[in-house]
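Report on one structure; see the data block that follows.
Quick note: the coordinates plus some simple rules give every number you see, no bench work behind them. This structure is a prediction, so every number in the text was calculated from the model and none was measured. Note that each Cβ is placed from the backbone with ideal geometry, even for glycine, and that neighbours are counted across all protein chains shown.
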Amino acid sequence: MVIKTMQTTRLITQILLRNSSKLNSIRYQGTAANSSKWQILGAVCVTRPPVVCPPMDPMELKYSQMLSAIEQENSYKSQHEIRHEEDLIRAELLKIGDTDDVDLDEVTKQTAVEFVDAANDELKRFSFTSSTTDVDVSGDLSSLNRALERSLCLVVKQKLGEDHRWVLPQGAWNPGETLRQTCERVVKESCGSNMRIRILSNAPCGFYKYKYPKQIRQEGYCGAKVFFYRGQIVNKDTELNYSSDITDHAWLTQDELDSRLQKSYAESVAQFLISDK
Amino acid sequence: MNRLAHESGNTNQRNLVTAQTIRYPMRNIPFYALNAAGPQVPTYPPLNVSLKGYDFTVLEHYGKWVHNTALNMDIDVEDGWATPCKKLKIQNLRPGTSKMETEYMLNVYERNIKVLDLTSTLAGTFIEVIQAGLPEGVELSLREHTQLDTEIRYIPDLELKDLKSQLEELGGPSKKC
């Protein structure tokens, strides 16, 4: 009789324990399902606008030459052409020997033809620098001196959690500061205090959302929401020292972004980039 | 009552139980009252988009493009004008002597576009778009519009100034009006 009661109490306690564990597990599942807390990150798209204009296409070149020819035909004579005609007339009169109408002061001055020759000589002596630099030839992607005809965007290999990913420099938002202040802080921390950035608006220009892997999710945040800001680099010539979180950096044109960034991320970034073609 | 309400497109009718009032549909509000409150976002004071360049055709086309872009973005553009050009004379002297080797006459042309009530949310995008289309040889600067910018447009009347200075010399006007 006593043993039976002990058994029943054991059974009862077992049942109770099982039920309480079920309750506990239900509660745990409940919190996991409701934890749709997203971490807010601010990211900066540091851009360098194009330095040199790209050369014209064959079509554009042909059209511009046609337009200038039309303009030439429709235009009146310029001062230079009038001077040239007067020079010719004066030369004719001097040849004949008729010096009454000739203004002798004008004869000693430079004629139009001489002026044109001198100008052409000066043009030959002047050498244009080419728009493709040594950095373009060598293929170094981390220098700011490349692709002078295109606008460049900074992409870094940043440590996110465990692995390193190619992203625009990003950092977590701290409560109490605006998103723009977050972005300025991110630039300062990741790219050093030498890089000066001009962010034009207080509002972000793009957005990207991603979920954390399951191991990190239990710590509270189930994912991150990244808000992009556009910033233009002000001082191009200074040395930039990157933080330890960043293992590699590259200045990429808009076509090259698709090869480096993840597909969905690249799509979000492409939404706010202004094409430079 | 029900038919009228139905015809004018009102969805809510006076209901004794819920006490909801009739809402005016958008088309019954007069046009001058629609934006009477003004922009709900902080705006900039009147800004002057100033474009300076040496090449006249390029500058003019760019000025037209900027003006059109602003109008297409629903930005309130008050006026777009051309400021008289600054004529520069540059002389290259032969090194060591003061004899002139070459002389250049350059004109710095200017175009200005006055923009009113630029909202802070749109300003960044507007500036980025304009910068993206900036051609070679053109300098873009965005400043607050000052009184000096309007006064520069007026050509000073030299005859009037001359007469006034003569009057001052003679002792001022005889009648004080």
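Observations on the model:
- Taken over the stretch B:101-119, residues that are among the β-branched types (Val, Ile, Thr), in contact with a Pro (Cβ under 8 Å, 6 or more places away or on another chain) and away from chain A (no Cβ under 14 Å) amount to 1.
- For the stretch A:254-273, the set of residues classified as surrounded by fewer than 16 Cβ atoms within 10 Å (Cβ to Cβ) and either touching a Pro at 6+ places or on another chain (Cβ under 8 Å) or within 13 Å of chain B (Cβ to nearest Cβ) (or both) consists of A:GLN271 only.
- A:GLY231, sole failed condition from (1) loosely packed, with under 11 Cβ neighbours inside 10 Å; (2) within 14 Å of chain B (Cβ to nearest Cβ); (3) small (Gly, Ala, Ser): (1)
- Take the conditions (1) within 14 Å of another protein chain (Cβ to nearest Cβ); (2) in contact with a Ser or Thr (Cβ under 6 Å, 6 or more places away or on another chain); A:ASP87 misses just one of them, which is (1).
- Taking each residue of the stretch A:142-163 that is within 20 Å of A:GLY231 (Cβ to Cβ) and looking for partners that are assigned to a loop (DSSP other than H, G, I, E, B) and among the basic types (Lys, Arg) with beta-carbon atoms closer than 7 Å, six or more apart or interchain, yields A:LEU144/A:LYS236.
- Count of residues meeting criterion [touching a helix residue (DSSP H, G or I) at 6+ places or on another chain (Cβ under 8 Å) and surrounded by 10 or more Cβ atoms within 10 Å (Cβ to Cβ)] in the stretch A:87-102: 5
- Of all residues in the stretch A:125-141, those that are within 14 Å of chain B (Cβ to nearest Cβ) and in contact (Cβ under 8 Å) with a residue 12 or more places away in the chain total 1.
- Taking each residue of the stretch B:120-141 that is more than 7 Å from every other protein chain (Cβ to nearest Cβ) and looking for partners that are of a type in the set (Gly, Ala, Ser) with beta-carbon atoms closer than 6 Å, six or more apart or interchain, yields B:GLY137/B:GLY53; B:VAL138/B:GLY53; B:SER141/B:SER50.
- The residue that is farthest from A:SER243 (Cα to Cα), among those in the stretch A:174-189 that are β-branched (Val, Ile, Thr) and part of a helix (DSSP H, G or I), is A:THR182.
- Tally of residues being part of a helix (DSSP H, G or I) and of a type in the set (Phe, Trp, Tyr) across the stretch B:83-136: 1
- Residues that are within 14 Å of the chain's Cα centre (by Cα) and away from chain B (no Cβ under 14 Å) were ranked within the stretch A:234-252; the one that is surrounded by the fewest Cβ atoms within 10 Å (Cβ to Cβ) is A:LYS236.
- Yes/no for A:GLU122 being surrounded by 12 or more Cβ atoms within 10 Å (Cβ to Cβ), within 14 Å of chain B (Cβ to nearest Cβ), among the acidic types (Asp, Glu) and assigned to a helix (DSSP H, G or I): yes
- Residues located in the stretch A:186-208, provided they are more than 14 Å from chain B (Cβ to nearest Cβ), touching a residue at least 24 places away in the same chain (Cβ under 8 Å) and among the basic types (Lys, Arg): A:ARG196
- Every residue from the stretch B:99-151 that is touching a Cys at 6+ places or on another chain (Cβ under 9 Å) and acidic (Asp, Glu): B:GLU110, B:GLU128, B:GLU136
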